[in-house]
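A short worksheet on the structure shown next.
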Amino acid sequence: GGLVEVEQKFFIDEGCVERVGRVLESKGVKVMRDEYFDVAECVLTCQDYWLRVRDGLWELKKPIKHTAATGSVDTYLEITQEAQVAATLEPLLSLPAGTLSSA
C-alpha cells in the first residue's frame, strides 16, 4: 500500500508573502531531513523515481502518469512497505527478483 502525494511548486514575490502573512498565521515549522539514493548512472532519478530515508523509514516515490486533469502537477505514489519497494526497484535497476528482499 501507499499514499498518493501531489506536489506543485510555484514562485511568489515578496509582496505576496506579506499579503498572506496579514491573513494567515503560521501553525509551526517542521524540519525534515531526507537522504536520497540512486545508482551512479542515476537510473531512478532519470525516470522520476525518488528513493529516500525520512525519519529512519524508507520511502519510494513512484511517478503517476500525468493527464489533462493533473496538468503540470507532480503526482507520486508513495510506497513504504519494504517488499513493495524492493519489487518496484528490482526491474528498474535490472536486478533479479528477490535481490533486494530481506530473507
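The values are calculated or read from the model by the stated rules, or taken from the named source; none is laboratory data. Since the model is a prediction, treat every value here as computed from it, not as a measurement. Ideal geometry is used to build each Cβ from the backbone, glycine not excepted, and the neighbour counts take in all protein chains shown. Heads up: the accessible areas ignore ligands, DNA and RNA and are worked out on the full protein's heavy atoms, side chains in. Shrake-Rupley method; radii C 1.70, N 1.55, O 1.52, S 1.80 Å.
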Return one number: the angle in degrees, 0 to 90 and rounded to the nearest 10, between the long axis of the Cα atoms of helix 14-23 and the longest principal axis of the Cα atoms of the chain.
80
So for the chain, averaging the separation of alpha carbon pairs under 8 Å that are six or more residues apart and normalising by length, what relative contact order in percent results?
29
I'd like the accessible area for Asp34, computed on protein heavy atoms only with a 1.4 Å probe and all protein chains in place. Round to 10 Å², please.
50
Compute the orientation-averaged projected area for the chain from the convex hull of its Cα atoms and round it to one decimal in nm².
9.6
Rounded to the nearest 0.05, FRET efficiency between Asp55 and Glu90 (Cβ-Cβ, R0 30 Å) equals 0.75
Which of the lysines could a cross-linker bridge to Lys65, judged by Cα under 28 Å and excluding same-chain residues fewer than eight apart?
Lys9
Once both axes come from the Cα atoms, what is the angle between helix 82-92 and the longest principal axis of the chain, in degrees from 0 to 90, rounded to 10?
80
Return the carbon/sulfur percentage of the accessible area of the chain, one whole number, probe 1.4 Å, all protein chains in place.
59
For the charge dipole of the chain, defined by +1 on Lys and Arg C-beta atoms and -1 on Asp and Glu C-beta atoms about the Cα centroid, which residue among Tyr36, Trp58, Gln8 has the Cα displaced farthest towards the positive pole?
Gln8
